[in-house]
Structure formats: C-alpha cells, structure tokens
1. Give 182, 187 a once-over and let me know the one that is touching a Lys or Arg at 6+ places or on another chain (Cβ under 7 Å), at pLDDT below 95 and more than 15 Å from the ligand (Cβ to nearest atom).
2. List, please: which pairs have Cβ atoms under 8 Å, are six or more places apart or on different chains, and start with a residue in segment 346-368 that is more than 18 Å from residue 253 (Cβ to Cβ) and of a type in the set (S, T, N, Q) and end with one that is more than 10 Å from the ligand (Cβ to nearest atom) and part of a helix (DSSP H, G or I)?
3. Tell me which of these residue 176 doesn't satisfy, since it passes every other one: (1) more than 13 Å from the ligand (Cβ to nearest atom); (2) crowded, with 16+ Cβ neighbours inside 10 Å; (3) farther than 30 Å from residue 91 by Cα.
4. Tell me which residues, restricted to segment 318-337, are more than 17 Å from the chain's Cα centre (by Cα) and farther than 26 Å from residue 93 by Cα.
5. Take residue 81 and tell me if it is more than 16 Å from the ligand (Cβ to nearest atom), farther than 20 Å from residue 240 by Cα, at pLDDT below 90 and not basic (Lys, Arg).
6. Output the qualifying pairs, or none if there are none: Cβ atoms under 6 angstrom, residues six or more apart or on different chains, first residue in segment 135-163 and among the aromatic types (Phe, Trp, Tyr), second residue near the ligand (Cβ under 8 Å from one of its atoms).
7. Can you name the residue in segment 116-137 that is β-branched (Val, Ile, Thr) and farther than 15 Å from residue 169 by Cα and, of all such residues, is farthest from the ligand (Cβ to nearest atom)?
8. Does segment 128-143 hold any residues that are out of contact with any helix residue (DSSP H, G or I) (no Cβ under 8 Å at 6 or more places or on another chain), modelled with pLDDT of 90 or more and surrounded by fewer than 19 Cβ atoms within 10 Å (Cβ to Cβ), and which are they?
Amino acid sequence: MMVVDEESRLIRETVRRFVERELMPLEAHVAKQQVAGDDGSALTNAQYKHLRVVSKELGLWGLDAPEALGGFDLPAVAMAGVAQELGRTITPFVLPPDTPNLKMLDAVGTPEQRERHLKPYIEGRTVSCMAISEPGAGGDPAGIRTRAERTADGWALNGRKIWITNAEKSDFMIAMARVGEGKRQEGVTAFIVEQGTPGLIIERSIPMVGDTLTYELVFDNCRLPEGAVLGEIGAGYAPMQLRLISRRMEMASTCVGMTERALDILCEHARQRVTFGAPLADRQAIQWWVADLATRLHAARLMIHDAAEKLDRGEDIRHEASMVKVYATELAYDACDHAMQTLGALGMTKESPLFHMWGRARIMRIYEGPSEVHRQAVARRVLGGRR
Ligand SMILES: Cc1cc2nc3c(=O)[nH]c(=O)nc-3n(C[C@H](O)[C@H](O)[C@H](O)COP(=O)(O)OP(=O)(O)OC[C@H]3O[C@@H](n4cnc5c(N)ncnc54)[C@H](O)[C@@H]3O)c2cc1C
C-alpha cells in the first residue's frame, strides 16, 4: 500500500491546483513559442514572474530543502507526488530550487559554500547547472578529460563540455574535472564555477528535441579559487551519483505525470471519435494500448514509491533509480506515441501538448544516462549478485 502522510498529501493537492489554474492555461502560449523556436524561454518575463509570485505565496518553494536553510525538508515520497503533478503540463516551470544540485551542495558543501551558493539557491535567487558531459564522454562520465590543475592560489580548469542545460542563465555551475593521473572515477572532482569567471566561455547554444536548448562551453585556463572545490578532491564521483539519483527519481515521477496526461487525452478522443460506425474506444487495438499503458502506469507509480521510501530510509537506491528511470521514461514515450496515433492527424499538430510531451520523453531516454547504460548497470548487479 502507498502510504503518504497528511502534509505530503496536502502539498501535492496544492501543486495540482497550481498546475491546473496557473500552468495549464499557459500551454497554448508555450506551444506557440516553442514552435516559433525562440531562445528556449517559452514564458514571457511577466508570465514567469507571476508564476514565481503565486508559487511562493502558496508555499511551494524549497520543498525538499533543509529546514535549517528555510526549506520544508519534505521526504522523497512527497517529492515524487510533486513531480508527478508538474509532469502533467508542458508549461516549463521549476519550483525553486532545482533539486539535484541542491542535494549535492547539501551533502558535501562547506559552511562557506552553503552560505554563498546553497542559501540563495534555496531562496530562489539563483539558478545553477551541472557540467559533466564532454564531446568524448557522456553515457560513460568516468571518461571525462577536462583537467583541473593546481595554481599558486587555487585551480586552473581546461577542457570542453557539451549538452549543458541552462548554462547561459545559470549563476553558477557544478563542473566535473579530473585532478591528477587517476583512471576512470579516480581523480574526478567537482568544482563550483561562477558565471562570468574569466576563462569560462559559453561557445554556442544547441537546439534540442523536446523544446530545449543545451550549450557547448570551454574552460580555457579558467582560474578558480581554492574554495571552489566541492567535496573532496578526487572523490567527486559519489556525490555526483547522489545528484544523478535525485534527478532520475524526479524524471521518473515527471514521466508518470506525462503518461497520465497522454492517457487522458487518448481516452477522451477514443470515446468521441467514430470511424466505420463505432467509437475508437470499442476497437481492440485501442483498448489494448489503454490497458497496457494503465498497467504500466500503475507499476511505475508503485516502483517510484518503493524507491522513494527506501531513499527516505537512507538506503542506497542506485539500482532502483536506474530501473525507474528506464521504465518510466520509456512508458511516457510510448504513452505519447500511442496517444498521437489514436488522435490521427490531430495528434501530429504542434498545437497539441502530446507533441511537446513526446519530445521531452524522447530526450529523457538519453540524458541522466541512456536506457541501455542503465540496463547494463541493472544487469551487472543482478548477474553479479551485487545487490
Ligand atoms: C536534452 C539533453 C540535456 C542534457 N543536459 C545535460 C546537462 O545539463 N549536463 C550534462 O553534463 N550533460 C547533459 N546532457 C548529456 C547527457 O547526459 C548525455 O547525452 C548522455 O549521458 C549520453 O551521453 P552521449 O550523448 O555522449 O552518448 P554516448 O555515451 O555516446 O552513448 C550513445 C548511445 O550509445 C549506446 N550506449 C552507450 N553505452 C552503452 C552501453 N554500455 N551498452 C549499450 N549501449 C550503449 C546508447 O544507446 C546511447 O544512447 C544532456 C543531454 C540531452 C539530450
């Protein structure tokens, strides 16, 4: 049974109302903006500011941030419900702060870093991003080549990163670089790089499927102070994984929300549309899609809840996070695809939320680790008895 405490249930209801009253009405605008292919900011400044004011008034900021820093410290089980609700809309809005970097800063940040970076981040005053991937290393991040070398008063970063979301609008990024001659995970170290640091060059933006933009950037002798090291030198891989786990759980929950929405759209259309004298809902082909999607949706909800409960108990959920990430992202993609097929030409319009959710589900099968890499990780643990 999925047990959720009263506070979590109320917060989820509030998010649901926020999604229905504030975000869904903006979808037509969002769809138009993104078809027009602007700079990736689908909302006008006024819309964005309004959403920030309303969500703050509703008490929806800092939901899983530490209480000591003004947050609510909600458990992963509650956060799964929040992400599921937000996943039902295509209007892109993150309730500040974006969780994954928060988790990493909270886990290994020094008191100075918490004050300088974590606090304003939780208060919604700053935006950040994560720079791991490189032209030669993505699904296998232990292959990164960006180097960090000691200088008289700190560090110098040299290397190239690619596919970095939010790089341009971030106030700071967490960048992974290699220190020393260690192989693979050895030597991988996290650095906080503030926007505007000389030697940090954002070279170009890259429009992606799913209405998103990523960036390619270069560290050209980018000089950082000693205090820029986040966590231990050479031991950045484990906290980076912590961050990835948090994002994978959030992605899986978002995909549950997307699947719910796609299934709703599919069913509504199937009930109304008549072909060859009968509603589509009476056709077995459609019924099987509906049955299979509903079954997989149920399984995804239970899997996420189980993983979230384990995370809340402090268990290592790398295995579960891989499973839910693959399962839910592939489910959302299939749900959008079947809904688009059911709607026929209507499902092919860029005015429909389906097109936008489909694109987002598609990229989710790649970032935070492609499905195949997660399947390999799951299989290795199962085959090797390493659970
Ligand atoms: C929209 C988007 C946003 C992103 N944002 C960020 C970001 O903010 N920060 C960041 O650091 N990175 C980001 N990324 C990069 C992302 O994490 C990588 O693209 C991803 O990890 C895959 O790496 P790759 O593209 O180098 O593919 P590769 O690692 O080259 O893999 C390519 C394909 O090969 C196959 N493959 C790879 N390894 C195996 C294996 N072991 N077994 C079987 N098949 C395999 C898979 O099918 C995989 O899709 C983003 C990517 C996208 C698409």
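1. Details: 182 fails: touching a Lys or Arg at 6+ places or on another chain (Cβ under 7 Å).
Testing whether each residue is touching a Lys or Arg at 6+ places or on another chain (Cβ under 7 Å), at pLDDT below 95 and more than 15 Å from the ligand (Cβ to nearest atom) leaves just 187.
2. 349/355; 352/31; 352/265; 352/340; 352/343; 352/346
3. Condition not satisfied by residue 176: (1).
4. Scanning segment 318-337 gives a single hit, 319.
5. For residue 81, the condition - more than 16 Å from the ligand (Cβ to nearest atom), farther than 20 Å from residue 240 by Cα, at pLDDT below 90 and not basic (Lys, Arg) - is not met.
6. Cβ pairs passing all conditions: 163/133; 163/214.
7. 122
8. Within segment 128-143, 135, 143 meet the criteria.
The values are calculated or read from the model by the stated rules, or taken from the named source; none is laboratory data. Here the structure is a predicted model, which is why all the values come from computation and not from measurement. Note: ideal-geometry Cβ built from the backbone for every residue, glycine included; neighbour counts use all protein chains shown.
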